[in-house]
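Working notes, structure below.
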Amino acid sequence: MPSLAANGSAAPCDDLEPQLVRAVEDAEALLPAASSLLPTRPRRSVGTRIVGNRSDSLLALLGTEEALQAVPQCWGHAHHWDASQLPLSPREQLCEHHLGLTVVNRYLNNTKDWCGDSGDDTNSWLRCSHASFPWGKQGLLCEAHNLTMDLGKIEAHDRDLQPKTGTPHFVFSKGATGMRCGKTAHWSDGLLMPHMKRQLGAQAGPTLDPTFSPPAGHTRIGETTYLMPRDLDADNIFHMSADFMNMEVAYRALGLDANFVQVLIWDKLPLYSYTQMLARAFGGGRPVLNRKSLAKLGHGVLTFHHLVFHLESPAANVHERVTLNLKEKEPMRCRGSSLWRAYTRRVLCAYSLWPLPPPSVPHLTLSIRKRTPQKNVGRILVNQNELEDVMREGNMLTWQTVNLAEMSFEQQLTAMRRTNVYIGVHGAGLMLIMFTADESVLLGTCPVRSHRTHPNVSC
């Protein structure tokens with residue numbers, strides 16, 4: 001993964017990165033793909049329909065099975081990580097402890113039944129893994145078995161919210177969620193993540209009762225469904241990176257195989273361009289669905305065989321406001337992370353861009369921003385022509401200018417993976433440095449107000 005020096009100037013990756021690459025790949029080659037957490041259950045491919053007990057995938061239920069895409073199966077399943085086995089310096093060990101796959105272990109080491117008994121598959125259960133972090137944040141990763149939702153008691157999604165306005169959360173009427181189980185002593189409304197609390201908190205009035213039964217005619221969803229709420233700043237890959245990293249943590253902690261997971265966006269925001277990436281890298285090629293997609297089912301009642309509640313971004317270890325709260329502040333100088341590398345590889349593999357050798361001739365990509373009637377963006381490069389003239393004078397190199405806003409996510413990834421030197425003004429698009437060619441560098445121009453933190457966060 002590319003990196004920047006602490007002063008914002010370009011710097012090649014140090015020796016840590018190759019170690020992390022090898023370690024991630026070796027661990028996934030040695031450890032089994034089967035989860036040690038999930039009960040044994042039959043795995044279904046999309047479109048499997050068991051008419052007898054009305055078991056379906058969501059795509060089959062919506063009649064859109066043909067939308068499934070074929071993607072390379074290249075995600076990892078290793079869900080236990082021991083960074084102490086790597087030849088790392090004390091600072092690098094600290095980086096791995098806070099920002100690496102060691103985060104997965106924090107959740108695995110504190111898993112409790114919150115409702116019912118997860119050893120009893122004849123009834124419902126809710127099992128949650130909790131982790132506390134030294135910067136004061138907490139995370140809660142939960143999965144449910146036989147959870148029923150009454151769509152008629154969940155706010156409809158008639159139109160997309162405008163970015164940065166309104167509230168993306170749904171309103172759940174009493175009884176919108178039901179499970180045949182009782183709360184255990186481990187249940188805590190105070191630990192529920194913000195969106196999850198709106199559905200399962202006491203004010204939402206879920207039915208958690210050992211005598212609960214779904215109504216007649218309910219439809220059973222036989223695949224794993226990943227319920228993913230987002231926040232208002234979810235319109236680009238930079239603001240969503242915390243959620244994407246958390247998905248990587250969740251998939252590894254629960255041993256999820258993307259081939260058998262349907263991602264269901266659980267908010268009122270638009271399906272932005274990165275949802276194509278979610279479909280390929282986290283959904284095995286299934287198109288991402290949202291509440292609006294389920295409108296076809298009317299006021300139907302769905303019982304989910306296995307439902308995963310997204311590990312929401314307040315638990316993230318990505319943003320600088322998180323790591324700057326640490327006393328030692330060392331993670332701001334981290335140059336590698338097994339978690340970031342694992343996520344990067346998952347995405348690139350899904351687009352057949354891993355492994356891919358770097359260009360034999362250095363290739364420069366200049367990323368520009370343009371104002372449009374729809375979006376009055378700032379940080380416009382006023383001397384773009386002069387910069388292009390400089391690149392045009394170069395020899396033994398190739399170059400291109402791109403406007404990421406006009407490209408699909410796949411086009412963005414393809415352009416980045418063939419880039420050795422990535423040039424641009426500070427903005428969300430610079431987060432794509434994660435996907436550039438090996439040993440690439442970033443030349444970023446930051447506004448004065450951003451110079452202290454953003455260069456380090458960009459690595």
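FYI, it's all coordinate maths here, none of it is from the lab. What you see is a predicted model, and the numbers here were worked out from it, not measured in a lab. FYI the Cβ positions are ideal-geometry reconstructions off the backbone, even for glycines, and counts take in every protein chain you see.
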Given the pairs Lys112/Lys292; Lys137/Lys174; Lys174/Lys268; Lys174/Lys197; Lys174/Lys292, which are separated by over 24 angstrom at their Cα positions? Lys112/Lys292; Lys137/Lys174
Could you sort 391-402, 426-437 so that the peptide with the highest average Cβ count within 10 Å comes first and the rest follow in order? 426-437, 391-402
Amide H contacts under 5 Å for Thr207, restricted to residues at least 5 apart in sequence or on another chain and with H modeled in the peptide plane, are Gly175, Thr177, Gly178, Met179
Calculate the dipole size of the stretch 141-190 relative to its Cα centre from +1 charges on Lys and Arg beta carbons and -1 charges on Asp and Glu beta carbons; express the result in debye to the nearest 20. 120
